[in-house]
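Rule-based calculations on the coordinates, nothing more; no lab input. These numbers come from a predicted model, not from an experiment. Here Cβ is always computed from backbone atoms with ideal geometry, including for glycine, and neighbour counts include all displayed protein chains.
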Amino acid sequence: QRQMCIRDRHMPLVQSGLEGKRLAICRTIATNELEDVPKQAFDEAVHSLQAAGTIVEELDIPEVAEAMPLSGCLFTVEAYAQWREDVESRPEVMFAEIRDRFLLGKDYAGYEYAQAWQQLEQLRASYITRTAGYDAVIMPSSAIMPPNIQRLFDDHDYYLRANLLALRNTRIGNLMGLCSLTLPTKHPSCGLMVNCN
């Protein structure tokens, strides 16, 4: 649709059109290894946006690539801090793949966690500067279709790949501290993710 209406009880009706809006496709990492259906869904969504008058440009965002490895420290340390008591006292109640990842958090030193956050804050500031000329940054919500549940339990390598690709693009928003919204496309299980600073 060309018009989006936003209303709450404290504000009058506001209409915002897509014509003239500037969107950037995150070309760094976010469009790699796309399965056929998510790629088709994303391409069709981009064409629909352009048909509605939106300016869409591809953008390299190196900050995304630099931030990705920091999740190994930041996410596991925070997960272990949050779930340490359960992980240590009742390890059998957790899915083994998740439990083992959480346990990695106890192996990082405090200074490593602090340095990772310092580096991430710098990358976030640089990301905001790089994308400031756009109304939003867009990407597929997930690179893959929903994986086979039984194989996630039975096949370690399959789980690692599916987990990485299913969550990779949402991780970008998490690392960059963004506000993200996923919009449906014409293809089930395939979304268009819109990220704003």
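Close Cβ contacts (under 6 Å, 6 or more residues apart or on different chains) running from residues in the stretch 78-96 that are free of Cβ contacts under 8 Å to residues at least 12 places away in the same chain to residues that are assigned to a helix (DSSP H, G or I) comprise PRO91/ARG99. When each of LEU167, LEU175 is tested for being surrounded by fewer than 18 Cβ atoms within 10 Å (Cβ to Cβ) and under 21 Å from TRP117 (Cα atoms), the lone residue that passes is LEU167.
The residue that is surrounded by the most Cβ atoms within 10 Å (Cβ to Cβ), counting only those in the stretch 75-106 that are in a helix (DSSP H, G or I) and of a type in the set (Phe, Trp, Tyr), is PHE102. For the stretch 106-157, residues that are farther than 30 Å from ASP36 by Cα and of a type in the set (Phe, Trp, Tyr) total 4. Just one of the listed residues (ARG161, ARG151, ARG124) is part of a helix (DSSP H, G or I) and within 30 Å of LYS21 (Cβ to Cβ), namely ARG124. With respect to TYR134, is the statement that it is crowded, with 18+ Cβ neighbours inside 10 Å, touching a residue at least 12 places away in the same chain (Cβ under 8 Å) and part of a helix (DSSP H, G or I) true? The answer is no for TYR134. The residues of the stretch 39-63 that are in a loop (DSSP other than H, G, I, E, B), under 19 Å from the mean Cα position of the chain (by Cα) and either among the aliphatic types (A, V, I, L, M) or over 18 Å from ARG22 (Cβ atoms) (or both) amount to a single one, ILE61.
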